[in-house]
Amino acid sequence: MNTLLLHPSDILFFRDGRPMGGSLAGHGAAWPLPTVTNAALHAALHRASIEGAHAHRRGRNGDYSEKDEHRDRKFGSLATAGPFPVCIQGLAHTWFFPRPLDAGKPDSTATTYHPLARDFDPAFSSLPKPLKFPVANTGEPSKDILRPWWSEGAWNTYLGSRPRDELAARPFFKSDSDFSDTEFNYGIGIDPATGTQHGERFYSAHYLRLRAGWKLGVLAEAHDKINSDPARTRDLIPHLFESENHVLVGGQQRLCSAELSTTSTLPLPLGKTAGFTPHDGKFLLKWILLTPAIFPIIGDHPGGWLPSWIDETGEVQLLDGPGRNAAKRRKVPEGKPIPATLVAAMTGKPIPVTGYALDNGLEDRGPGPKATHLAVPAGSVYYFITAEPGKLAAALNWHGTSSGTEIQNRRSTLMGEKGFGLGVCSAWNFHPGP
């Protein structure tokens, strides 16, 4: 996978779906969601006029158009992860990721929140199904502000995983103000037909300015078929930046220079694959989100904070191999269910994910706002009890069974290809109690 370091030439604008106009300044200075950089690269691929790109049919969910003229969708193979803040110090690049929610001590990787295994009357519990244990804090009450960004080294210490080099073993903790500033400015409404002020409205907005020595780190690949042959592919990302090293990112089409490199090991924290805590003949494993994840309502499944691959009894529905159809295509044995149960969870405030769709040329779908989804924020923690921790870790770690050379698992039900649902595994222990 390719590593992109994006350096903005000016301020950046990343607004969400909340109103903006008059006295409402909007929320354009927030750190961008994965959809932002994915959309930027997708648009850049279209502007590049790459010849011979594989064309897909229109449609979704298996309902594809059979008309030849509707085979005009391109670059569906684009897969990204990020953006993440990256500190540049000479030749050293330090990537930062959101803090895990169960670490409640300032500038420390110590885990202070643990599931509390005590008998209580379910009738007096506010725990949603299928959770069995509340998560309690072992630390002293404090008003200390926790810095929300951890370096790869801090994550490695927290996870108990092996760092890949000396720098990756050093913990760093950062606040938003350490690498960005918020700037305030006014703007006027523009008539898209004439490109001039339409005389109807003005707005105020917040903008994000990165500090010197900081960039946006993105992982991206787009393996495209050559002459529609699945056995022959090419990665379009290096081709995109052969002659152009700029990309437009976020609202108001802000320009960023792009530095492209290819590494054998991705600069993401590595989850544990073994060494989990034994408990009553089973093992205790937790999964922590590095990026937000979206779990929509599907049938009777409530979605929201509960992953779509966990049923309402808490049983994990993942397999230790390919599903029935994939196994048939690959001519390999079908995977078997992984015996694991969700018993506790610690999730943060949901993040609204929305956007605006342009006219796509279909009769039943036109321009307008996209559906708003509520994503589980990065840093959220899910606690499992499993009889086969190795298989569960292989299914939940972003790197799967690899040593960190590729992204194998994107556990978000929606927008996984855009970078949602990347997570890592570690061990956990029950709260020691009073």
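FYI, it's all coordinate maths here, none of it is from the lab. Model, not experiment: these values are computed from the prediction. FYI the Cβ positions are ideal-geometry reconstructions off the backbone, even for glycines, and counts take in every protein chain you see.
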Inset, instruction - Could you tally the net charge around T182, taking each other residue with its Cβ under 9 Å from the Cβ of T182, Lys/Arg +1 and Asp/Glu -1? - result: -2
Legend entry - Potential lengthening between K129 and R209 on full extension [0.36 nm per residue; Cα-Cα distance subtracted]: 24.6 nm
Inset, instruction - May I ask for the Kirkwood hydrodynamic radius of the range 277-427, worked out over all distinct Cα pairs and given in angstroms to one decimal? - result: 16.7
Inset, instruction - Just add up the charged neighbours of Y383: K/R +1, D/E -1, any other residue whose Cβ is under 10 Å from the Cβ of Y383. - result: +1
Inset, instruction - Report, by chain and number, residues whose modeled amide H sits under 5 Å from the one on L414, excluding near sequence neighbours (fewer than 5 apart, same chain). - result: I294
Legend entry - Rg over Rh [alpha-carbon atoms, Kirkwood Rh] for the range 306-350: 1.14
Inset, instruction - With springs only between Cα atoms under 10 Å apart, run a GNM on the chain and tell me which of R254, R99, R411 wobbles the most. - result: R254
Legend entry - Highest-MSF residue in the chain out of I50, I188, I294 [GNM, Cα springs under 10 Å]: I188
Legend entry - Gaussian network model of the chain, springs between alpha carbon atoms under 10 Å - residue of E312, E244, E406 with greatest fluctuation: E244
Legend entry - Computed over the chain: relative contact order in percent, which uses C-alpha pairs under 8 Å that are six or more apart: 23
Inset, instruction - Indicate the gyration tensor shape class of the range 261-340 (rounded, prolate or oblate), computed on the Cα atoms with a ≥ b ≥ c the square roots of the eigenvalues: a/c under 1.5 is rounded; otherwise a/b larger than b/c is prolate and the rest oblate. - result: rounded
Inset, instruction - Sort 34-42, 269-277, 135-143, 234-242 for me by packing, meaning the mean count of neighbouring Cβ atoms within 10 Å per residue, highest on top. - result: 34-42, 269-277, 234-242, 135-143
Legend entry - Per-residue ³J(HN,Hα) for the range 421-428, Karplus 6.51 cos²θ - 1.76 cosθ + 1.60, θ = phi - 60°, Hz, x for Gly and Pro: x, 8, x, 9, 10, 8, 8, 9
Inset, instruction - Report the net charge of residues surrounding A79, where surrounding means a beta-carbon distance below 13 angstrom and charges are Lys +1, Arg +1, Asp -1, Glu -1. - result: -3
Legend entry - Distance cut-off 43 Å, percentage of C-alpha pairs in the chain lying past it: 15
Inset, instruction - Mind scanning K132/K282; K282/K391; K349/K370 and naming the pairs with a C-alpha gap bigger than 18 Å? - result: K349/K370
Legend entry - When each of K272/K336; K74/K418; K129/K418; K286/K418; K129/K336; K174/K215 is checked by Cα-Cα distance, pairs over 20 Å: K272/K336; K129/K418; K286/K418; K129/K336
